[in-house]
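Below: one structure, written as structure tokens.
Derivation of every value follows stated rules applied to the coordinates shown; laboratory data play no part. This is a predicted model, so every value here is computed, not measured. In this analysis, Cβ positions are derived from the backbone assuming ideal geometry, glycine residues included, and neighbour counts consider all displayed protein chains.
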């Protein structure tokens, strides 16, 4: 049986771990780096989904647009992941209530496999198309390559 080749962590990830240790922040645990990173990735992904839904960045709506739908704050939600436990997140809302998030769907509380999605893409050097395909495979969610690109940036 062949041994799997282990992916090397990115220099950015190694630097985050080093800084966390310097500041006395645990990597796991209730307020650890992994939980904060998971929260940041989920909220960034949700905000990028909202940008895609509305067709413009926050506070950047063109004056001649046809739709009057705009961002309308956020709502708090707590999701449960295997590696990080309960993660409080802020989910964006739109004024017309037509936003249907895909990464964390409405009424969804348990995120199976999100830890793998959050931690692995850049470490494994996946393309935006491959990350999009993994979201579809694990969540059944359609997330465009453009949204993935904005999230990873």
Q) What number of residues within the stretch 52-66 satisfy the criterion of being in contact with a strand residue (DSSP E or B) (Cβ under 7 Å, 6 or more places away or on another chain) and either more than 18 Å from residue 104 (Cα to Cα) or exposed (fewer than 10 other Cβ atoms within 10 Å of the Cβ) (or both)? A) 1
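Here's the yes/no breakdown for (1) part of a loop (DSSP other than H, G, I, E, B); (2) buried (at least 19 other Cβ atoms within 10 Å of the Cβ):
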{"site": "68", "(1), (2)": "yes, no"}
{"site": "87", "(1), (2)": "no, yes"}
{"site": "90", "(1), (2)": "no, no"}
{"site": "103", "(1), (2)": "yes, yes"}
{"site": "107", "(1), (2)": "yes, no"}
Q: State all residues of the stretch 26-48 that are outside any loop (DSSP other than H, G, I, E, B) and in contact with a strand residue (DSSP E or B) (Cβ under 8 Å, 6 or more places away or on another chain); if no residue qualifies, say none.
A: 35, 38, 39, 42, 43, 46, 47
